[in-house]
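Right, one structure below, let's go through it.
Nothing in this text is a laboratory measurement; each read-out follows from the coordinates by a stated rule. Only a predicted model underlies this, so the values are computations on that prediction, with no experimental measurement involved. Here the Cβ positions follow ideal geometry from the backbone for every residue, glycine too, while neighbour counts run over all protein chains shown.
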Amino acid sequence: MTIDEALINKIKNKDRKAMAQAITLLESKASAKMRLAEDLIKQLPAHPQTLKIGVTGPPGVGKSSFIEAFGLYLIDLGKSICALTVDPSSPTSQGSILGDKTRMDRLSRHERAFVRSSPSGTQLGGLSSRSIDIIRLCEAARYDILFIESVGVGQSELDVSYATDITILLIQAAGGDELQGIKKGIVEIADLIVVTKDDGDFRSAVAKTKKQYRNAAHYMRPKHDRWDRKVLSCSAHTGDGLESVWNTVLQWQDEMNLHLKSLRHAQAAHWLQHKTEELILQHFWAKARHTQEYQAIREAILRGDLDLYKAVEKIQAIIHD
């Protein structure tokens with residue numbers, strides 16, 4: 001089997017059925033389909049005009065609501081929108097709800113938008129293991145704006161900054177010390193911090209939180225020499241603040257325009273290491289003898305017959321054999 005050229009052309013024309021078909025192929029773990037996926041990704045052209053916006057933040061902060069409201073706002077400005085989200089998988093079953101088409105009902109039904117959820121599986125970093133390939137697919141479809149929503153915030157939620165041009169961190173006003181609710185490393189990967197739910201009874205708490213983060217931003221290491229981290233607020237419910245968010249994104253583009261190419265090159269180098277590690281693992285597991293020897297070592301550990309570090313020594317011997 002080979003990739004049909006008609007599928008490539010449909011992807012370039014933003015055919016949503018073809019997009020969904022291609023993503024299903026890219027996410028498959030069946031060996032035959034994985035080979036087809038490799039063939040597909042090699043044929044997909046890059047589209048540097050697509051602006052990739054990463055969206056991260058703690059659970060419940062309103063990432064999906066923000067992307068839907070902001071996406072619809074941008075569609076009204078004449079933009080085409082693609083939104084890729086990563087849902088957390090069960091650590092036991094690897095199942096995932098994949099509910100973003102429900103959470104982004106209006107955006108997912110719009111003819112100028114494409115919304116897709118992917119399970120995170122066992123992948124750390126806030127993105128799924130095939131996210132970078134799916135991002136390439138959506139770039140090939142020539143969307144104006146590509147949103148990438150990570151699973152959530154944690155010490156490992158950093159890959160979103162290696163897959164996007166600009167990273168937006170969403171935070172929510174709370175009753176306690178908001179600055180303790182987000183890890184410093186996550187704040188430092190953000191180009192723009194947006195306090196959500198700036199409406200109704202939350203307005204005073206939002207104003208307080210925004211002031212706290214603006215003060216704290218002065219003491220944080222800048223992500224880029226040419227860009228000072230901005231702190232804004234918005235409401236996905238009323239739409240207030242979305243224009244300011246977009247104007248700030250445009251300001252970021254103006255400031256970073258000359259450096260965007262080198263930024264993307266550095267990201268490609270990051271993913272080269274990631275994919276090289278995947279290839280090494282695939283090569284190891286492809287040999288039946290390696291799999292059998294590994295299982296024997298693992299069972300010895302489970303029986304208590306083998307110490308962890310003795311087991312590692314045995315694995316090293318297998319690798320160097």
statement: Under 5 Å from the placed amide H of T167, counting only residues 5+ away or on other chains, we find G54, D191, L192
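Which FRET efficiency value, to the nearest 0.05, do you get for K261 and R106 by plugging their Cβ-Cβ distance into 1/(1 + (r/R0)^6) with R0 = 30 Å? Walk me through the intermediate numbers first.
On the way: r = 35 Å, r/R0 = 1.16.
Using R0 = 30 Å, I get an efficiency of 0.30.
Arrange the peptides 67-76, 5-14 so that the one whose residues have, on average, the most other Cβ atoms within 10 Å appears first.
On the way: 67-76: 21.4, 5-14: 14.8.
Per-residue Cβ counts within 10 Å, averaged per peptide and sorted highest first, yield 67-76, 5-14.
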- line: Taking Cα atoms only, Rg over Rh for the range 194-254 with Rh from the Kirkwood formula is 1.01
statement: The lysines whose Cα lies under 26 Å from the Cα of K79, excluding any fewer than 8 residues away in the same chain, are K10, K12, K14, K17, K52, K63, K101, K197, K230, K261
query: Mind listing the phi-derived Karplus ³J(HN,Hα) values for the range 75-85, rounded to whole Hz, using 6.51, -1.76 and 1.60 with θ = phi - 60°, and x for any glycine or proline?
result: 4, 5, 8, x, 8, 9, 10, 10, 10, 10, 10
Residue-wise HN-Hα coupling along the range 227-241, computed from phi with Karplus coefficients 6.51, -1.76, 1.60 (Hz; x: Gly, Pro): 9, 8, 3, 9, 10, 10, 9, 7, 10, 5, 6, 9, x, 4, x
- request: Would you kindly compute the Cα radius of gyration of the range 198-321 and its largest Cα-Cα separation (Dmax), both in Å?
  value: 25.7, 66
- prompt: How long are the semi-axes of the ellipsoid equivalent to the chain, from square roots of 5 times the Cα gyration tensor eigenvalues, in whole Å, largest first?
  reply: 36, 26, 18
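Can you pull the Kirkwood radius for the range 220-280, inverse mean 1/r over Cα pairs, to one decimal in Å? Each step should come with its number before you reach the end.
Details: mean 1/r = 0.0699 Å⁻¹.
Every distinct Cα pair counted, the radius reaches 14.3 Å.
When the helices in the chain are scored as -39500 (n - 2.57) per DSSP H run of 4 or longer and the sum is shared across all residues, what 222 nm value do you end up with, to the nearest 500 deg cm²/dmol?
Details: 14 runs with 162 residues, N = 321.
After summing the helix terms and dividing by residue count, I get -15500 deg cm²/dmol.
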